[in-house]
């Protein structure tokens, strides 16, 4: 405020022995002129490099924005794909679970059939073995019975055979042999 008052006073009364407006303390016009020339010179010299630098920076930013837009679009597409897969994930889980249940049921059925087939084979084999064991036992029993019959017959014959029976049998054999020669 004081500065403005000084300027106004000096402009109003330069003849009254005051300081001219361009030489007011703190407001020396030559400083302003010097600053204006320096700024003008800087603008003239730095205009092309700064302008080129700003243009290159602007192009770089534009390219980065375009690349960021492409990456964002790619990320959005990937996100939509992932969301679609997530939406289908429940259906896929259900489908996998149903497939696993079907396969488990089929495996159970196959194992059941296989077990039944094996049990039937074992029953058939056991039946054959029983039949074979029965045949062998019957044969052994027949052999034993025959041997026992022969043994009992021999014993009966030895016990009940008298010397006259022996002579009569011997004569019968001799006659039979004699009749064969003829």
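No lab work stands behind these numbers, since they all come straight from the coordinates. None of these values were measured; they are calculated from a predicted model. Positions of Cβ are generated from backbone atoms using ideal geometry, with glycine treated the same way; all protein chains shown enter the neighbour counts.
Just grab the label-to-label distance for residue 101 and residue 177, each label 7 Å out from Cα along the Cβ direction, in nm (one decimal). According to this spin-label approximation, the distance is 9.5 nm. Working from label points 7 Å from Cα in the Cα-to-Cβ sense, the residue 120 to residue 164 distance is 7.3 nm.
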